[in-house]
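Take a look at the structure below.
The values are calculated or read from the model by the stated rules, or taken from the named source; none is laboratory data. The structure presented is a predicted model; accordingly, all values stated were derived computationally and were not measured. With ideal geometry, Cβ positions are generated from the backbone for all residues, glycine too; neighbour counts draw on all protein chains shown.
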Amino acid sequence: MIAFWTILHGIIAIGLLGAMTHQGLTVWRKPAPAQLFVDRFRAIPAVRFANAIVVLYVLTFALGAYIYPTFVLDVKGAVADYGMRKTIGIFQLKEHIAVIGLGMLPVYWHFWRSVPLTVSIPTRRFLTTFLMLAVWWNLVVGHVLNNVRGLT
Amino acid sequence: MIARVFSTRVFTLVFGIGYAVAVYVNYPLFRFYPLVMRFSLHDLVDPSLGPAMSWYGWIATAAVPALLVAAFVPKRVGDRIPAAVFWIVPFVMLLAGWYRERDWFQ
């Protein structure tokens, strides 16, 4: 059953990654006609992604928190036995970064949905980019660790 | 609706500082022992209970005051917190996390 929750955690995380990357790249885009694929990827109404990102982030976080004890019992010890202490350290940092993202989420939502889009542009850009990088880091680290020693 | 009575700026600020402090001084509100599925307000120094998890407790240490303060501080006051503060908060939290996990990298 834990494999099901782990896979679901990964699938929702990939959905979050897609939404976050769309929005993260859009906040850096200069207004211009979108002709190339990359420009079309970034030419989305970024504000509409904010609610979906909050929901997907909370879901991903909650599922991660649910499977975390199994990781501690089944994976952490085994990876330590392999002598891969840095791998554990990087995963532990991932857990902190997930909490940082969770803590930033209310103010991220605030700057997208409550503050007029014409003001606080640098802060909105920073928060969105930070969250995008955090989501990328966490997905890559989680995926690599699952390859090192997966939950079964 | 929620945004009218709940200051998101205050929540993030208090949560961020609370989490950084909780992690830095290692003060989880509670610990969880997954092997025996048991919560404890104290560190139960008993190897038979398996590893203790502080992560949920650190989150709770930060979230409880953040929710309370964000609910009671008027939103108009919270909205005066400069946006620049939120450029610093995640890095303060990250530094505390790095400090807590530094032994893994030695």
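Some values worked out for this structure:
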read-out	value
Extreme residue, nearest to B:Ile59 (Cα to Cα), among residues of the stretch A:94-127 that are in contact with a helix residue (DSSP H, G or I) (Cβ under 9 Å, 6 or more places away or on another chain) and among the hydroxyl-bearing types (Ser, Thr, Tyr)	A:Tyr108
Condition check for B:Pro51: facing another protein chain (nearest Cβ under 8 Å) and in contact with a strand residue (DSSP E or B) (Cβ under 8 Å, 6 or more places away or on another chain)	yes
From the options A:Leu56, A:Leu63, residue that is in contact with a Ser or Thr (Cβ under 9 Å, 6 or more places away or on another chain) and closer than 22 Å to A:Ala13 by Cα	A:Leu63
Residues of the stretch B:68-91 satisfying the condition of being surrounded by fewer than 16 Cβ atoms within 10 Å (Cβ to Cβ), of a type in the set (A, V, I, L, M, F, W, C) and either under 23 Å from A:Ile97 (Cα atoms) or free of Cβ contacts under 8 Å to residues at least 60 places away in the same chain (or both)	B:Leu68, B:Phe72, B:Ala84, B:Val85, B:Trp87, B:Ile88, B:Phe91
Odd one out for A:Gly83, checked against (1) at positive phi; (2) within 9 Å of chain B (Cβ to nearest Cβ)	(2)
Breaking point among (1) farther than 21 Å from A:Ile100 by Cα; (2) surrounded by fewer than 16 Cβ atoms within 10 Å (Cβ to Cβ); (3) more than 9 Å from chain A (Cβ to nearest Cβ), for B:Met37	(3)
The lone exception for B:Arg9 - which of (1) modelled with pLDDT under 95; (2) crowded, with 20+ Cβ neighbours inside 10 Å; (3) of a type outside the set (Val, Ile, Thr) it fails	(1)
Breaking point among (1) aromatic (Phe, Trp, Tyr); (2) modelled with pLDDT under 95; (3) under 23 Å from B:Val92 (Cβ atoms), for A:Phe71	(3)
Of the criteria (1) under 17 Å from A:Leu25 (Cβ atoms); (2) surrounded by 16 or more Cβ atoms within 10 Å (Cβ to Cβ); (3) within 13 Å of chain B (Cβ to nearest Cβ), which one A:Ile44 fails	(3)
Residues satisfying the stated conditions in the stretch A:3-19, i.e. surrounded by 15 or more Cβ atoms within 10 Å (Cβ to Cβ) and in contact with a Ser or Thr (Cβ under 8 Å, 6 or more places away or on another chain)	A:His9, A:Ile12, A:Ala13, A:Leu16
Residue within the stretch A:54-64 that is in a helix (DSSP H, G or I) and more than 17 Å from the chain's Cα centre (by Cα) present	no
The one condition in (1) surrounded by 15 or more Cβ atoms within 10 Å (Cβ to Cβ); (2) modelled with pLDDT of 90 or more; (3) not basic (Lys, Arg); (4) not in a helix (DSSP H, G or I) that A:Pro116 fails to fulfil	(1)
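Residues checked against (1) assigned to a helix (DSSP H, G or I); (2) more than 10 Å from chain B (Cβ to nearest Cβ); (3) surrounded by fewer than 22 Cβ atoms within 10 Å (Cβ to Cβ):
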residue: A:Gly89; (1), (2), (3): yes, no, yes
residue: A:Gln92; (1), (2), (3): yes, no, yes
residue: A:Val99; (1), (2), (3): yes, no, no
residue: A:Phe111; (1), (2), (3): yes, no, no
residue: A:Arg125; (1), (2), (3): yes, yes, yes
residue: A:Asn138; (1), (2), (3): yes, yes, no
residue: A:Val141; (1), (2), (3): yes, yes, yes
residue: A:Val144; (1), (2), (3): yes, yes, yes
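Here is a yes/no grid of residues against (1) within 11 Å of the chain's Cα centre (by Cα); (2) at pLDDT 95 or above; (3) aromatic (Phe, Trp, Tyr):
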site	(1), (2), (3)
B:Ala22	yes, yes, no
B:Met37	no, no, no
B:His42	no, no, no
B:Pro65	yes, yes, no
B:Phe72	no, no, yes
